[in-house]
């Protein structure tokens, strides 16, 4: 299969189908509605099911039910809708059910705007719902990367029995780019012998559950979750280093903002500023290593986000006071321009190059 | 020589329930268990427990069980039913706080879609697990922890009659309200539960049995008086009977 | 005689619903406690039991097993 020109939201949907996901439960919300419409048409073609739920709350609980029955399942939404899903996501974590959740982020708080944003970084990486948990979060920057990450997302969900987030923004959802759906060998995954599908032929009753009334029991369960998170931290960190080898300064950006930042970095290099970029692809687990490797040698970092400053906190933790960490952000659906970022790089470099 | 007339059903596990003495949840559990056993569908069934007193139902039914968030059991059941092979049976077991308050959207839409699931709706006019607060089904004038002066229509509105409400939806195939206040009612309740599961087995769509139940602890009366309270106070407000029976032409 | 009605006393919570349902009024709460601290329901006049199973059907805790003499 060669390259095809597709819209971001549709790429997300088709990539999920290629990753073996046949079941989708969701609720329409801008700017990801094309994803819902695509799934409605596409899933019956592969013998799957698309069901429009009465709300985001119902949708995530349908996902919980389908996941408990052992199938690959996903839902998608945008920021206000993802807030509504938080209860169900916490239950998915508690009951250790695999699922993939797409958030095509828009400006907030409240109903906010329908323009692109990265304002749900905290929600995705710091819990979001109640309880003491983490969820793997992946942030693609190109449509091709969506295709590649989607298979990983479903495999990670199944391997670790956890929900997984794919975080995009309105820009990524709406842009068109050529993509290629390359067929990948299926990952070796443990059997879903925990699924509640009826006991016929598989021994005694099983239970899908997140309630553990005995504190000792719940602490054991939470310790088990933490062990799982340690393994995910060991194995599933993803990032891209761009021109960091000789860099005096490093820009940190993820998702679509990283694409704008790349152009600003090229311009800065033309002006003689040696600047590179660390692009976290997994937002949780956050890639700390590229910071450990650069913080001795670079002069400063600049985090650029479409938020008032969220990922910058993780950057500061990773840099750990070794060097200054600057921040530049736009919010509310405003997108930082190449010129804005260039100006910030120049400011960080201490002059008017 | 003796022969067996009545024994504990294999549709229930051996685990003793946590329900208060005289609480009729236990009767309703048993009826569901007996129906699963008699229809020989224990192994084909996935039950969905809700939040409230029946939250631990997953320990009591002898089939695969999934525990759902408060009110969301019909959505969870939808997810399960829609992805499993057609011969699998899925039921929810929900109380009145779970189903008629926080979960009203999920139950209405599951019924409207004609989800081929069975809902066992236990109505005892109060929140039990949290300590006796007013439910959407609490009677007018009923004193609870959160209606200490009695449920007042001007302040708290009127009780919701769920069976009547859902019967208006085309997707609902079988809806009956039954009671557990005496042995004859219990035998009728079991027939209704059987009919609801048969409705699902025959692929006819959404079925629900609303079972009037007791809460001696939070009503503050003894188990026997509680049965009388169901008969004298609840049934006039919640009349028993079949509200929808598509196959039976109703 | 072999008993017609048998109580799994450990499961009984002493709620007495079986007492109210028994048409022969032969069920009573025993003068002893089970391990949960409840006085379990019991029957001594087994010969008066008509094996109607009303007690079993109203019992919330599936405590009761009922037998009847086999017809010859």
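Data overview
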item: One residue from B:2, B:39 being modelled with pLDDT under 95 and more than 11 Å from chain A (Cβ to nearest Cβ); result: B:2
item: Condition check for residue C:72: in a loop (DSSP other than H, G, I, E, B), modelled with pLDDT under 95 and more than 7 Å from chain B (Cβ to nearest Cβ); result: yes
item: So residue A:89, is it in the same structural domain as residue A:37 (by TED's automatic domain parsing), crowded, with 23+ Cβ neighbours inside 10 Å and under 12 Å from the mean Cα position of the chain (by Cα); result: no
item: Helices (runs of 4 or more DSSP H) completely within the stretch A:214-304 that count 1 or more residues being touching a strand residue (DSSP E or B) at 6+ places or on another chain (Cβ under 6 Å), outside the structural domain of residue A:329 (by TED's automatic domain parsing) and at pLDDT 95 or above; result: none
item: Residues of the stretch A:48-75 that turn out to be under 22 Å from the mean Cα position of the chain (by Cα), more than 7 Å from every other protein chain (Cβ to nearest Cβ) and within 18 Å of residue A:156 (Cβ to Cβ), as a count; result: 5
item: From B:55, B:90, B:51, residue being touching a strand residue (DSSP E or B) at 6+ places or on another chain (Cβ under 9 Å), more than 23 Å from residue B:129 (Cα to Cα) and within 11 Å of chain A (Cβ to nearest Cβ); result: B:90
item: Set B:210, B:237: member being under 18 Å from the mean Cα position of the chain (by Cα), crowded, with 20+ Cβ neighbours inside 10 Å and closer than 30 Å to residue C:19 by Cα; result: B:210
item: Residues being surrounded by fewer than 17 Cβ atoms within 10 Å (Cβ to Cβ) and either within 24 Å of residue B:15 (Cα to Cα) or touching a residue at least 60 places away in the same chain (Cβ under 8 Å) (or both) - total across the stretch C:35-60; result: 3
item: Residue C:42 vs. criteria in contact with a strand residue (DSSP E or B) (Cβ under 8 Å, 6 or more places away or on another chain), more than 9 Å from chain B (Cβ to nearest Cβ) and in a strand (DSSP E or B); result: yes
item: Only listed residue being closer than 20 Å to residue A:66 by Cβ and in a loop (DSSP other than H, G, I, E, B), chosen from A:199, A:182; result: A:199
item: Subset of the stretch B:101-111 (residues that are in contact with a strand residue (DSSP E or B) (Cβ under 8 Å, 6 or more places away or on another chain) and at the interface with chain A (Cβ under 9 Å from one of its Cβ atoms)); result: B:110
item: Every residue from the stretch B:7-27 that is more than 7 Å from chain C (Cβ to nearest Cβ) and on the phi > 0 side of the Ramachandran plot; result: none
item: Within the stretch C:17-31, considering residues that are touching a helix residue (DSSP H, G or I) at 6+ places or on another chain (Cβ under 6 Å) and within 14 Å of another protein chain (Cβ to nearest Cβ), the one surrounded by the fewest Cβ atoms within 10 Å (Cβ to Cβ); result: C:24
item: Positions within the stretch A:150-164 being buried (at least 24 other Cβ atoms within 10 Å of the Cβ) and either under 12 Å from the mean Cα position of the chain (by Cα) or under 28 Å from residue A:114 (Cα atoms) (or both), in sequence order; result: A:150, A:153, A:154, A:163, A:164
item: The stretch C:45-69, residues that are at the interface with chain B (Cβ under 7 Å from one of its Cβ atoms) and in a loop (DSSP other than H, G, I, E, B); result: C:51, C:53, C:60, C:61, C:62
item: In the stretch B:117-132, the residues that are assigned to a loop (DSSP other than H, G, I, E, B) and crowded, with 24+ Cβ neighbours inside 10 Å; result: B:117, B:124, B:125, B:126, B:128
item: Residues of the stretch B:145-163 satisfying the condition of being closer than 29 Å to residue B:196 by Cβ and crowded, with 16+ Cβ neighbours inside 10 Å; result: B:159, B:160, B:161, B:162, B:163
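Residues are listed down the side, and each one gets a yes or a no for (1) in contact with a helix residue (DSSP H, G or I) (Cβ under 9 Å, 6 or more places away or on another chain); (2) surrounded by fewer than 15 Cβ atoms within 10 Å (Cβ to Cβ):
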site	(1), (2)
A:203	no, yes
A:206	no, no
A:211	yes, no
A:227	no, yes
A:236	yes, no
A:277	yes, no
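The values are calculated or read from the model by the stated rules, or taken from the named source; none is laboratory data. These numbers come from a predicted model, not from an experiment. Here Cβ is always computed from backbone atoms with ideal geometry, including for glycine, and neighbour counts include all displayed protein chains.
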